[in-house]
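Student: My structure is below; once you've seen it, I'll send some questions.
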Amino acid sequence: MALLIRNGEIVTAAERYKADVWCEGETITRIGPNLPAPPGAEVVDASGKFVFPGFIDPHVHIHLPFMGTLAKDTYTTASRAALVGGTTTLIEMVCPARGDDPWEAYELWKANAAGKSACDYAFHMGITRFDSGTEAMVRRVTADGTASLKIFLAYKGAFGIDDAELYQTLDLAKRLGVIVTAHCENAEIVARLQQRLLAEGKTGPEWHEPSRPVTVEAEGVHHLATFAALTGAHTYVVHTSCTEALAEAAAARERGLPMWVETVAPYLVLDRSYSELPNFEGAKYVMSPPLRELRHQEVIWDAIRSGLVSTVATDHAPFDFAVQKEMGRGDFTKIPNGIPSVEHRVHLLYTHGVARGRLDLQRFVDAASTQAARIFGMYPRKGTIAVGSDADLVVFDPAYQGAITAAAQEMNVDYSAFEGWPITGRAETVAVRGKLQVQNGRFTGTTDHGQMLRRPATHA
Ligand code: URP
Ligand code: ZN
Ligand code: ZN
């Protein structure tokens, strides 16, 4: 397998220059001007296009039993969706129920992916209870190459852990040098506010946000930071949605804490008003933390530019509108939480970030690829274009104009939160470890090419 990408403009987090990229087997082996195309090589002409490193989505849910139902995607559908959107690596959250055997859950999540993914993937291991077996389990998972954990301060009675478990998890993570990713919302306050709103007859999707106000998320980040400071653990705040939570993370970093911050594509382009759409359509826009008031959006864009926010993920969690979101009609607390977007993250970020002058190309690549590779132990194999790196490459046409529609999407879900939205630029050709998986914007590859990535513990 040999692939030559010619005449493109290579853009990494650090550089921007015109050169050809030559890939032998799964690896980039030469970068330079006017490279020859040996007979039999696959040649892609990237004239007038950008060549980006494969994008990385460090926060997705594919197999997700949650709120009495199961998320709709399989690895086959989600990985195809990722690829047509330019994403070549996914990191999925393993989310065992509190009563599940966590190692069995880990094996189940791995089995769901093995041989069924079109793109590469890795896992964050969810700690949804801490008991006498947790340390051995985490050591085993880490030795298997899953060197990051996921905890929920939210979802009381489901995935959520208490303070004793939080302390023990962070303490263990510090000892093992693994990073802890955390959903930061105060579970107890959310539960109380939900009950209060329902008792007042406030049952529609528009009440989801008031049940989880910004102070609840900010408290979650502050709470995590307090425990992280006392244990020394490295932490990563997932799906940060608001100014107040960002301020807590900034304060933690100013105190010297090794804390990284993620936001997700929906917060950058959607706002709370979508949850007020009539005919229960607001349910399509229910996720947690919730979509916020519009004023938060520019603050988050600013935080991406400044580097306070390291990564832009999706928190992809697909639930059908017709049946699954419907479960919460008459009680917003029963609407399965999640907005599907793994397919559209890169295109939304380019259209609303780069094309609108909010992000430069380097920061775009950094936030959508390189930072995730660095934080989660995959760099420089992933996240850049360099000799020796995996040949995960996106030939991106900045002149393309199109629109997002559910009818055309690869994600196995019956709606798009971005229906009819115009898109500038498109991932036209996508290679995963040297194999062309997307051509002319369409999936043309094989759905068993993806490999699980084993990642070392790098957060000692
Ligand atoms: O609404 C969300 N975020 N759904 C997925 C589960 C989670 O909290 O990440
Ligand atoms: Zn979450
Ligand atoms: Zn999530």
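Student: What are the residues whose amide H is under 5 Å from the amide H of Asp20, where those residues sit 5 or more places off or on another chain and H is modelled from the backbone?
Tutor: The answer is Asn7, Gly32, Asn34, Leu35.
Student: Could you tell me which residue out of Thr74, Tyr400, Phe280 lies farthest along the dipole of the chain toward its positive end? Charges go on the beta carbon: Lys and Arg +1, Asp and Glu -1, centred on the Cα centre.
Tutor: With unit charges placed on the Cβ atoms, the residue in question is Tyr400.
Student: Evaluate E = 1/(1 + (r/R0)^6) for Ala460 and Arg356, where r is the Cβ-Cβ distance and R0 equals 25 Å; express this FRET efficiency to the nearest 0.05.
Tutor: For R0 = 25 Å, the calculated efficiency reads 0.05.
Student: I'd like the trypsin sites (Lys or Arg not before Pro) in region 1-60 restricted to DSSP loop residues with at most 13 other Cβ atoms within 10 Å, sorted by number.
Tutor: Listed in order of number, the matching sites amount to none.
Student: If every alpha-carbon in region 320-460 counts as one equal scatterer, what log10 I(q)/I(0) does Debye give at q = 0.13, 0.14, 0.20, 0.22 1/Å?
Tutor: -0.74, -0.84, -1.30, -1.38
Student: Cα axis of helix 134-143 to longest principal axis of the chain: angle in degrees, 0 to 90, nearest 10?
Tutor: Around 10 degrees separate the two axes.
Student: I would also like to ask the following. Placing +1 at every Lys and Arg Cβ and -1 at every Asp and Glu Cβ, with all other atoms neutral, what dipole size does region 55-375 have around its Cα centre, in debye to the nearest 20?
Tutor: Here region 55-375 has a charge dipole of around 360 debye.
Student: Can you list the lysines whose alpha carbon sits under 28 Å from that of Lys116, skipping same-chain ones fewer than 8 residues off?
Tutor: Straight-distance partners of Lys116: Lys72, Lys150, Lys284, Lys325, Lys382, Lys435.
Student: What full-extension length gain, to one decimal in nm, is calculated for Thr215 and Glu200 as 0.36 nm per residue of separation minus the Cα-Cα distance?
Tutor: Computed gain between Thr215 and Glu200 is 3.3 nm.
Student: Enumerate the residues in region 126-145 having an amide nitrogen under 20 Å from the point lying 7 Å beyond the Cα of Met327 toward its Cβ.
Tutor: Once the point is set 7 Å along Cα→Cβ of Met327, 128 turn out to lie under 20 Å by backbone N, inside region 126-145.
Student: In region 207-245, which residues have a backbone nitrogen under 18 Å from the label point lying 7 Å from Arg98's Cα in the Cα-to-Cβ direction?
Tutor: Within reach of a label on Arg98: no residues.
Student: So how do Thr29, Thr146, Thr235, Thr424 line up by other beta-carbon neighbours within 10 Å, fewest first?
Tutor: Result, fewest neighbours first: Thr29, Thr424, Thr146, Thr235.
Student: Considering just Cα atoms, how many Å³ per residue does the convex hull of region 55-375 enclose?
Tutor: 119
Student: Compute the long axis of helix 187-199 from its Cα atoms, compare it with the longest principal axis of the Cα atoms of the chain, and write down the angle in degrees, 0 to 90, nearest 10.
Tutor: The angle comes out near 70 degrees.
Student: Here's another thing I want to ask about it. Any idea what angle helix 163-176 forms with the longest principal axis of the chain, computed on alpha-carbon atoms, 0 to 90 degrees, nearest 10?
Tutor: Between helix and principal axis, roughly 30 degrees.
Student: For region 187-327, state what percent of all Cα-Cα pairs lands in each successive 5 Å bin, counting from 0 Å until the bin that includes the largest distance.
Tutor: Final binned percentages: 2, 10, 18, 21, 19, 14, 9, 5, 2, 0.
Student: In Å³ and rounded to a whole number, note down the convex hull volume per residue for the Cα atoms of region 41-82.
Tutor: It comes to 114 Å³ per residue, whole-number rounded.
Student: Report the extension gain between Arg175 and Ala399 in nm, rounded to one decimal, defined as 0.36 nm multiplied by the number of residues separating them, less their alpha carbon distance.
Tutor: Stretched out fully, the Arg175 to Ala399 stretch lengthens by 75.7 nm.
Student: Also, I was wondering about something else. For Val43 and Ala408, FRET efficiency with R0 = 30 Å and r from the beta-carbon atoms, rounded to 0.05?
Tutor: Working from the Cβ atoms, E equals 0.60.
Student: Which value, in debye to the nearest 20, describes the size of the charge dipole of region 387-460 about its Cα centre when Lys and Arg Cβ atoms bear +1, Asp and Glu Cβ atoms bear -1, and nothing else is charged?
Tutor: In total the dipole reaches around 300 debye.
Student: Multiply the residue gap between Arg16 and Lys334 by 0.36 nm, knock off their C-alpha separation, and tell me the result in nm, one decimal place.
Tutor: Stretched out fully, the Arg16 to Lys334 stretch lengthens by 109.7 nm.
Student: What is the distance, in nm, between label points placed 7 Å from the Cα along the Cα-to-Cβ direction at Ala143 and at Ala229?
Tutor: Those two pseudo-labels are separated by 3.7 nm.
Here, each number is a calculation from the coordinates, and none is a lab measurement. If you're wondering where the values come from, they're calculated on a predicted model, not measured in any experiment. Methodologically, a virtual Cβ is constructed for each residue, glycine included, from the backbone with ideal geometry; neighbour enumeration extends over all protein chains shown.
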